[in-house]
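Participant: Dumping the structure here so I can ask a few things about it.
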Number of protein chains: 2
Amino acid sequence: MEVTKSEKISNNGSVKALPPCCLKARSSAAEFGAKCHATVVSGWFSESQSRSDKANKFRYYNNPMWPGEAHSIKVEKILYQGKSEYQEILVIESSSYGKVLVLDGIVQLAENDECAYQEMLVHLPLCSIPSPRTVLVVGGGDGGVLREISRHTSVEKIDICEIDKLVIDVCKEYFPDLAIGFEDPRVRLHIGDGAEFLRNASKGTYDAIIVDSSDPIGPAKELVEKPFFETISEALRAGGVLSCMAESMWLHTHLIQDMLSICRETFKGSVHYAWTSVPTYPSGAIGFLLCSTKGPPVNFLSPTNPIEKQKEALRHGGELRFYNSGIHRAAFALPSFAKKELKAYCDSPP
Amino acid sequence: MEVTKSEKISNNGSVKALPPCCLKARSSAAEFGAKCHATVVSGWFSESQSRSDKANKFRYYNNPMWPGEAHSIKVEKILYQGKSEYQEILVIESSSYGKVLVLDGIVQLAENDECAYQEMLVHLPLCSIPSPRTVLVVGGGDGGVLREISRHTSVEKIDICEIDKLVIDVCKEYFPDLAIGFEDPRVRLHIGDGAEFLRNASKGTYDAIIVDSSDPIGPAKELVEKPFFETISEALRAGGVLSCMAESMWLHTHLIQDMLSICRETFKGSVHYAWTSVPTYPSGAIGFLLCSTKGPPVNFLSPTNPIEKQKEALRHGGELRFYNSGIHRAAFALPSFAKKELKAYCDSPP
């Protein structure tokens with residue numbers, strides 16, 4: 001579906017005319033575009049910021065995930081805004097981070113730093129096992145994770161289960177460099193609830209499962225709970241691997257401890273926490289949960305499948321912007337405070 | 001000098017009564033305190049944000065170092081504001097990062113994450129050489145770098161040259177956990193210009209020089225130029241080491257390339273770039289320049305002096321919150337984009 005700049009996709013996929021303020025926004029400047037969305041004020045988007053009704057007055061509110069701080073990005077243009085059955089979707093053209101995808105007021109990705117999250121979430125698990133063949137993605141509607149999996153020539157089948165079709169449609173329109181992942185013929189798209197998909201999945205099927213979800217408020221709430229991890233463990237083959245977005249070590253120690261603790265009970269192989277730098281995420285850092293099931297041991301700390309040395313992999317998805325074997329190993333080194341807080345819950349970092 | 005909550009230190013060190021709005025702020029809520037400083041609006045401090053004169057209206061402006069983005073921190077209380085000969089000084093009590101020191105509108109440190117910057121800036125160089133004895137600090141008026149150097153029992157003399165005495169006085173009052181560094185009897189404080197201090201320093205004197213400056217706008221401008229690095233190289237002994245704050249790999253590639261390029265010409269030993277995560281700095285990441293002079297080779301990538309294993313070091317400054325040998329080695333692993341952009345200017349990362 002093509003969406004021109006004077007139209008927007010409605011919930012059911014039909015195209016509606018934009019309100020006059022948005023048209024004005026596009027033809028003039030961000031200052032006007034800004035007026036079209038509550039999180040954009042005076043030409044700046046701000047996570048955790050909401051405008052009140054009175055003109056020229058607004059208030060900040062505490063996002064429940066990150067009380068007391070907010071990252072603001074200067075907006076050149078609001079490219080899209082809409083509401084699906086599950087969430088509010090906003091796409092902005094920022095002046096410093098390229099296009100930015102925002103779901104329910106929270107930044108999901110920005111063109112200029114998405115490489116860090118997508119490449120690490122995918123290659124940390126897939127470079128830790130030899131020749132992965134079948135992969136399942138839960139979430140990942142922007143397609144960036146698929147783009148990265150596609151680099152692995154050993155992969156034969158990529159299932160993806162995304163709950164929100166509108167996210168996919170919007171990303172195909174505004175983030176073609178990510179949504180290109182959907183064009184790989186190995187990809188099979190399932191629109192639906194990831195937790196339910198996993199409950200119905202055949203046992204011992206996948207070499208790797210990658211959970212690319214939003215934060216555990218709203219539609220992704222179930223994806224940090226024990227039954228979800230149990231179905232993942234069952235859907236993986238012996239010695240299969242899980243990679244899962246796992247928040248910031250600076251902000252969410254308790255949530256990370258809870259997730260690691262559940263995984264420690266569920267996965268009988270190794271359980272690790274890794275992290276990397278993503279400027280547009282809160283605290284500028286994001287973590288990854290890496291687990292393996294009982295079976296051939298997986299040493300996540302030492303990549304056995306160095307994707308950056310495979311010419312075919314680079315021809316496929318362009319050059320790797322972030323991942324390499326050095327940054328893979330480094331991702332498992334934790335600051336002392338995090339090492340102390342997490343050591344009871346996962347395998348020792350280097 | 002003790003400053004009570006209803007007083008503030010003026011430029012010349014005398015104590016002045018605070019204006020009524022600030023008194024009101026303290027007795028009620030951040031909403032009122034906020035009105036006392038142009039960077040604090042509706043109870044939030046925002047880097048790159050300035051309020052215009054009209055009530056209920058304000059504008060963001062682009063900070064020259066970080067156009068197009070701003071990090072905002074919820075303010076519980078404005079603890080101090082003043083203006084020295086060199087810069088505006090602001091201390092806020094934030095709701096999520098503890099007390100925060102702001103110079104000329106830019107966050108210098110926050111209690112909750114200062115450990116990352118201070119510990120890495122100091123221990124990356126001092127743990128890379130055996131038994132450092134004499135150390136010079138340029139800048140570092142908050143005392144955090146001194147606190148970390150103090151852990152090294154081999155050190156006999158610590159010179160520090162800070163240009164702004166008011167920063168030291170304010171930090172002694174509001175950041176005692178950092179300013180404690182000044183209490184070490186090995187410390188000799190020099191108030192003055194770091195570049196000039198180095199021009200007059202004896203040749204071949206120091207085992208290590210640590211540059212803890214603010215960004216290269218305002219008083220620290222000279223500290224990224226070639227003559228400055230030449231005097232550092234001359235003041236170091238053969239095989240001596242430099243550690244210098246070197247901006248974010250995400251935002252300031254050209255500035256980092258310039259600094260590395262100057263150091264490559266100036267230092268005849270090794271030249272490296274390392275980085276770590278600091279949530280309250282722009283992009284959530286900060287870099288370090290690590291160089292050594294001609295002489296006994298220094299392998300920065302492999303710490304020879306593991307401070308975290310020395311009981312005496314931990315008794316001295318309390319537990320290390322961030323640094324350990326694993327995170328030391330990891331700091332030199334660069335993402336592919338940074339590796340590519342910096343490889344012509346420094347030694348290869350792992």
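Participant: Lys/Arg Cβ at +1, Asp/Glu Cβ at -1, dipole of region B:229-350 taken about the Cα centre: which of B:A313, B:S243, B:L334 is farthest positive-ward?
Facilitator: Farthest along the dipole direction, towards plus: B:A313.
Participant: Applying a 10 Å radius around every beta-carbon, put A:88-95, A:261-268 in order of their mean neighbour count, most first.
Facilitator: Order by mean packing, descending: A:88-95, A:261-268.
Participant: Taking only pairs that are 8 or more places apart or on different chains, how many Lys pairs in region B:260-342 have Cα atoms under 25 angstrom apart?
Facilitator: Number of lysine pairs found: 4.
Participant: According to the Kirkwood expression over distinct Cα-Cα pairs, how big is the hydrodynamic radius of region A:237-279, in Å?
Facilitator: After inverting the pairwise mean of 1/r, the radius is 11.6 Å.
Participant: Count, for each residue of B:324-331, the Cβ atoms from other chains sitting within 10 Å of its Cβ, then give me the mean as a whole number.
Facilitator: 6
Participant: Roughly how crowded by other chains is peptide A:157-168, in terms of the mean Cβ count from those chains within 10 Å of each of its Cβ atoms?
Facilitator: Partner Cβ neighbours, averaged per residue: 0.
Participant: Right, here's the next one. Let me check against my output: what whole-number percent is the relative contact order of region B:150-247, with C-alpha pairs under 8 Å and at least 6 apart?
Facilitator: Relative CO of region B:150-247 lands at 28 percent.
Participant: Could I ask something else about it? Could you quickly flag the chain B residue whose beta carbon comes closest to the rotation axis taking B to A, and that distance in whole angstrom?
Facilitator: Per the B/A rotation axis, the closest residue of B reads B:G284, 1.
Participant: I need the inter-copy label distances for A:H254: point set 7 Å along Cα to C-beta, values in nm with one decimal, smallest first.
Facilitator: In nanometres, ordered from closest: 4.6.
Participant: Return a whole-number percent for the relative contact order of region B:119-205, with Cα pairs under 8 Å and 6 or more residues apart as the contact set.
Facilitator: That works out to 31 percent.
Participant: Something else: So how much slack lies between B:N299 and B:R186, counting 0.36 nm per residue of separation and subtracting their Cα-Cα distance, in nm?
Facilitator: 38.0 nm
Participant: How big is the equivalent ellipsoid of region B:78-196 along its three axes, where each semi-axis is √(5λ) from the Cα gyration tensor, reported in whole Å from largest to smallest?
Facilitator: Sorted largest first and rounded, they come to 25, 17, 11 Å.
Participant: Starting with the highest mean, order B:343-349, B:254-260 by the number of other Cβ atoms within 10 Å, averaged over the residues of each peptide.
Facilitator: B:254-260, B:343-349
Participant: Looking only at region B:83-231, where both bridge partners belong to it, what percent of the DSSP beta bridges are antiparallel (to the nearest 5)?
Facilitator: Restricted to region B:83-231, the bridges split so that about 40 percent are antiparallel.
Participant: Further, regarding this structure: Using mean Cβ contacts within 10 Å as the protection proxy, how do B:274-285, A:222-233, B:188-199 order, highest first?
Facilitator: B:274-285, A:222-233, B:188-199
Participant: Given axes a ≥ b ≥ c from the Cα gyration tensor, I'd like to know whether region A:160-235 is rounded (a/c under 1.5), prolate (a/b larger than b/c) or oblate.
Facilitator: Since a/c reaches 1.5 but b/c is at least a/b, the shape of region A:160-235 is classed as oblate.
Participant: Starting from the 7 Å offset along Cα-to-Cβ, what nm value, one decimal, do you get for the label separation of B:T205 and A:E222?
Facilitator: Taking the two extended label points, one gets 6.8 nm.
Participant: Right, here's the next one. Which whole number gives the average, over all residues in A:270-282, of C-beta atoms from other chains lying within 10 Å of the residue C-beta?
Facilitator: What the average comes to for A:270-282 is 3.
Participant: Quote the FRET efficiency, to the nearest 0.05, computed for A:E230 versus A:H254 with a Förster distance R0 of 22 Å and r equal to the Cβ-Cβ distance.
Facilitator: 0.55
Participant: Can I ask one more? If we hang a label 7 Å off Cα along the beta carbon direction at B:E319, how far is it from the matching labels on the other copies, in nm, shortest first?
Facilitator: Ordered by increasing distance: 4.3 nm.
Participant: With only alpha-carbon atoms counted, please give the Rg and Dmax of region B:198-350, in Å.
Facilitator: In Å, with Rg to one decimal and Dmax whole: 15.5, 42.
Participant: Which value in nm describes the separation of the simple spin-label points at A:L314 and A:S348, placed 7 Å from the Cα toward the beta carbon?
Facilitator: With each label placed 7 Å out from Cα toward Cβ, I get 3.6 nm.
Participant: Quick one: with label points 7 Å out along Cα→Cβ, list the inter-copy distances for B:S348 in nm, shortest first?
Facilitator: 3.0
Participant: Which whole-number percent gives the relative contact order of region A:248-319, counting Cα pairs below 8 Å spaced six or more residues apart?
Facilitator: Values: 75 pairs, mean separation 20.1, N = 72.
That works out to 28 percent.
Participant: Rounded if a/c is under 1.5, else prolate if a/b beats b/c, else oblate: with a ≥ b ≥ c from the C-alpha gyration tensor eigenvalues square-rooted, which is region A:122-272? Intermediate values should be presented prior to the final figure.
Facilitator: Values: a/c = 1.57, a/b = 1.21, b/c = 1.30.
Oblate.
Readers should treat all values here as calculations from the given coordinates under stated rules, not as data from a laboratory. All of these numbers come straight from a predicted model, not from anything done at the bench. Cβ atoms come from the backbone with ideal geometry, glycine included; neighbour counts cover every protein chain shown.
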